[in-house]
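Here's the structure we're looking at; comments come further down.
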Amino acid sequence: MMNKLKTGTDRGLLLVLSGPSGVGKGTICTALRQKSPHLVYSVSATTRSPRQGEADGVNYFFKSRDQFESMIQNNDLLEWAEYVGNYYGTPRSFVEETLAQGRDIILEIEVQGALKVKQSFPEGVFIFIMPPSLEELRQRIENRGTESLESISQRLSVAREEISLLAHYDYAVVNDEVSLACERIQAIITAEHCKQERIYPTLLHGLEEVK
Ligand code: 5GP
């Protein structure tokens, strides 16, 4: 009997999505959730206070500095970074379990953390979301109305530094329009699943079984 060849889609991808504050990563992820419901999202831990409408365990796991520092000590975090005065980090076990199940997982994290993930998961797919311009970025952060003037200017200066690290990423996606940015990310995910080095071992195994 002929066996069905296994494809690269049997293996999970670790997708790292970065980009400056206000670029629209959250909106893109919400749209992607609807278009690609099979994607899993990592929920980060943070010491920042919840914004209006944010819920513990959904948007973030909200922690005190002491709690966060214990997570660091216990090696519970895959990566962590300090960003505009607060800690942010990715709980390790959820990511490892999801990948072990062969499911694609998205980490929406800033660049210092992404570079740490790259050291432990060089096979990850690193995507940087770009604003159409820095002026557009300022407008978006101001329009969000969640940040103080000081935080806006801090976030813009961090944004400049973050954009300078673009070369460490595999892909740059301009968020000129959310639906277009989503389509580009979906295309990247499809292409990554088709990479010969990802599918070669399973494909070869399948061919050997065909008599
Ligand atoms: P915000 O305060 O706007 O929710 O997030 C600020 C920045 O922290 C964003 O760039 C976001 O991508 C990043 N961030 C969120 N979670 C994590 C995380 O677990 N690790 C790291 N390194 N950055 C994170």
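The values are calculated or read from the model by the stated rules, or taken from the named source; none is laboratory data. Since the model is a prediction, treat every value here as computed from it, not as a measurement. Neighbour counts are summed over all protein chains in view; Cβ atoms, including those assigned to glycine, are modelled from backbone coordinates with ideal geometry. Note: areas computed on protein heavy atoms with side chains; ligands, DNA, RNA excluded. Shrake-Rupley method; radii C 1.70, N 1.55, O 1.52, S 1.80 Å.
Hey, could you check segment 147-195 for residues that are part of a helix (DSSP H, G or I) and acidic (Asp, Glu) and say which is surrounded by the most Cβ atoms within 10 Å (Cβ to Cβ)?
First, pick out the residues of segment 147-195 that are part of a helix (DSSP H, G or I): 149-163, 166-168, 178-193.
Among the residues that remain, those that are also acidic (Asp, Glu) are: 150, 161-162, 183, 192.
Details: Glu150: 9, Glu161: 11, Glu162: 21, Glu183: 14, Glu192: 19.
Ranking the candidates gives Glu162 first.
Quick check on segment 75-86. Is at least one of its residues touching a residue at least 40 places away in the same chain (Cβ under 8 Å), open to solvent by less than 70 Å² (accessible area, probe 1.4 Å), of a type in the set (S, T, N, Q) and within 14 Å of the ligand (Cβ to nearest atom)?
yes
Since Lys63 meets every condition but one in (1) charged (D, E, K, R); (2) within 15 Å of Gly19 (Cα to Cα); (3) in contact with a strand residue (DSSP E or B) (Cβ under 9 Å, 6 or more places away or on another chain), which condition does it not meet?
Failed condition: (2).
Mind telling me which of the residues Lys35, Lys4 ends up being at pLDDT below 90, away from the ligand (no atom under 15 Å from the Cβ) and either basic (Lys, Arg) or open to solvent by 80 Å² or more (accessible area, probe 1.4 Å) (or both)?
Just one listed residue meets the conditions, Lys4.
Can Val16 be described as open to solvent by less than 20 Å² (accessible area, probe 1.4 Å), within 16 Å of the ligand (Cβ to nearest atom), aliphatic (A, V, I, L, M) and at pLDDT below 95?
no
Here is a list of conditions, (1) farther than 23 Å from Gln154 by Cβ; (2) within 15 Å of the ligand (Cβ to nearest atom), and Phe62 meets all of them except one; can you say which number that is?
So Phe62 meets the others, but not (1).
Given the criterion surrounded by fewer than 22 Cβ atoms within 10 Å (Cβ to Cβ) and within 11 Å of the ligand (Cβ to nearest atom), identify the matching residue among Leu115, Leu99.
Result of the check over Leu115, Leu99: Leu115.
Filter segment 91-146 down to the residues that are assigned to a strand (DSSP E or B) and touching a Lys or Arg at 6+ places or on another chain (Cβ under 8 Å) and list them by number.
Once the filter is applied, which keeps residues that are assigned to a strand (DSSP E or B) and touching a Lys or Arg at 6+ places or on another chain (Cβ under 8 Å), segment 91-146 yields Glu108, Phe126, Ile129.
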